[in-house]
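**Student:** Submitted below is the structure of interest, expressed as structure tokens.
The values are calculated or read from the model by the stated rules, or taken from the named source; none is laboratory data. As the structure is a computational prediction, the values presented were derived from the model and not from experiment. Every residue, glycine among them, receives a Cβ derived from its backbone with ideal geometry; neighbour counts consider all protein chains shown.
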Amino acid sequence: MSVYTKKGDKGKTSVLGGKRISKNSKVINAIGAIDELNSYIGIIGRLESIQKNLFTINSILAGSDLKLPPNATKKMEIEIDKTEGKLPVLKNFIIYSGTSRAKRLFFARSICRRAERILVCLPNIQKNNPEILKFINRLSDYLFTMARSENYSKKIKELTWNQ
């Protein structure tokens, strides 16, 4: 089977069930934002369970009946709490810097925040799939905490922004 079908050449794409929708629709924009986040998390590496959850989210957005695992968000919260307890308390905004991995995690967080802003534009997302917004919101916190932890473990001092 060829990777190209030519079906999207006129600006439409298919979602589950074969329905054709515009590539500039809100749902395709959201799917694209999650896909971009997922791709970048792949560059970071060692976050496969998060990537699988992002694929599940895109499947849900495309019309599947799948659900996120019931503990997906809770697992991140537990990890955030455990990790945050080992880090210095934040008193100022920090400059996103440090190790190469930390910088990639900080960047992934900004991609995640953009995806969240796009998701909240979807009609009924809060009503029909509130777990998606909760997961994405927590994921940005998780990526931020993991970036800080990466720097802390490598004894990289956080640079603060003070005005």
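**Student:** Assuming Met76 fulfils every condition listed in (1) surrounded by fewer than 18 Cβ atoms within 10 Å (Cβ to Cβ); (2) within 16 Å of the chain's Cα centre (by Cα) apart from one, which condition is it?
**Tutor:** (1)
**Student:** Do we have Arg138 as in a helix (DSSP H, G or I) and in contact with an Asp or Glu (Cβ under 9 Å, 6 or more places away or on another chain) here?
**Tutor:** Criteria met by Arg138.
**Student:** Give the residues of region 92-124 that are without any contact (Cβ under 8 Å) to a residue 24 or more places away in the chain and in a helix (DSSP H, G or I), sorted by residue number. Spell out how you get there, then give the answer.
**Tutor:** Our first condition is that a residue be without any contact (Cβ under 8 Å) to a residue 24 or more places away in the chain; within region 92-124, this holds for 100, 110, 117, 120, 124.
Result: Ser100, Ser110, Arg117.
**Student:** If you don't mind, there's one more thing I want to ask. Return the only residue of Lys86, Lys7, Lys74 being modelled with pLDDT of 95 or more and farther than 30 Å from Gln163 by Cα. Before the answer, list the steps.
**Tutor:** Details: Lys86 fails: farther than 30 Å from Gln163 by Cα; Lys7 fails: modelled with pLDDT of 95 or more.
Being modelled with pLDDT of 95 or more and farther than 30 Å from Gln163 by Cα holds for just one of Lys86, Lys7, Lys74, which is Lys74.
**Student:** Right, something else. Tell me yes or no: at least one residue of region 120-133 is of a type in the set (Asp, Glu) and within 22 Å of Ile44 (Cα to Cα).
**Tutor:** Narrowing region 120-133 to residues of a type in the set (Asp, Glu): 131.
After this cut, where a residue has to be within 22 Å of Ile44 (Cα to Cα) as well, the list is none.
Checking region 120-133: not a single residue is of a type in the set (Asp, Glu) and within 22 Å of Ile44 (Cα to Cα).
**Student:** Now for a different question. Please give the number of the condition Lys67 fails out of (1) of a type outside the set (Phe, Trp, Tyr); (2) closer than 27 Å to Leu122 by Cα; (3) touching an Asp or Glu at 6+ places or on another chain (Cβ under 9 Å); (4) outside any loop (DSSP other than H, G, I, E, B).
**Tutor:** So the condition that Lys67 fails would be (4).
**Student:** Return a yes/no flag: does region 45-62 have any residue that is assigned to a loop (DSSP other than H, G, I, E, B), in contact (Cβ under 8 Å) with a residue 24 or more places away in the chain and surrounded by 14 or more Cβ atoms within 10 Å (Cβ to Cβ).
**Tutor:** The answer is yes; a qualifying residue exists.
**Student:** Could you list, in sequence order, the residues of region 146-163 that are more than 11 Å from Ile95 (Cα to Cα) and either touching a residue at least 40 places away in the same chain (Cβ under 8 Å) or within 21 Å of the chain's Cα centre (by Cα) (or both)?
**Tutor:** Met146, Ala147, Ser149, Glu150, Asn151, Tyr152, Lys154, Ile156
**Student:** Looking only at region 106-128, how many residues end up being among the polar types (S, T, N, Q) and either touching a strand residue (DSSP E or B) at 6+ places or on another chain (Cβ under 9 Å) or under 15 Å from Ile34 (Cα atoms) (or both)?
**Tutor:** Selection size over region 106-128: 1.
**Student:** Then there's this: Can you pull out every residue in region 80-89 that is of a type in the set (A, V, I, L, M, F, W, C), in contact (Cβ under 8 Å) with a residue 40 or more places away in the chain and over 18 Å from Ile41 (Cβ atoms)?
**Tutor:** Going residue by residue through region 80-89, those that are of a type in the set (A, V, I, L, M, F, W, C) are 80, 87, 89.
Keeping just the survivors that are in contact (Cβ under 8 Å) with a residue 40 or more places away in the chain gives 80, 87.
Once the filter is applied, which keeps residues that are of a type in the set (A, V, I, L, M, F, W, C), in contact (Cβ under 8 Å) with a residue 40 or more places away in the chain and over 18 Å from Ile41 (Cβ atoms), region 80-89 yields only Leu87.
**Student:** Also, I was wondering about something else. Here are the criteria: (1) under 20 Å from the mean Cα position of the chain (by Cα); (2) part of a helix (DSSP H, G or I). Tell me which single one Lys82 does not satisfy.
**Tutor:** (1)
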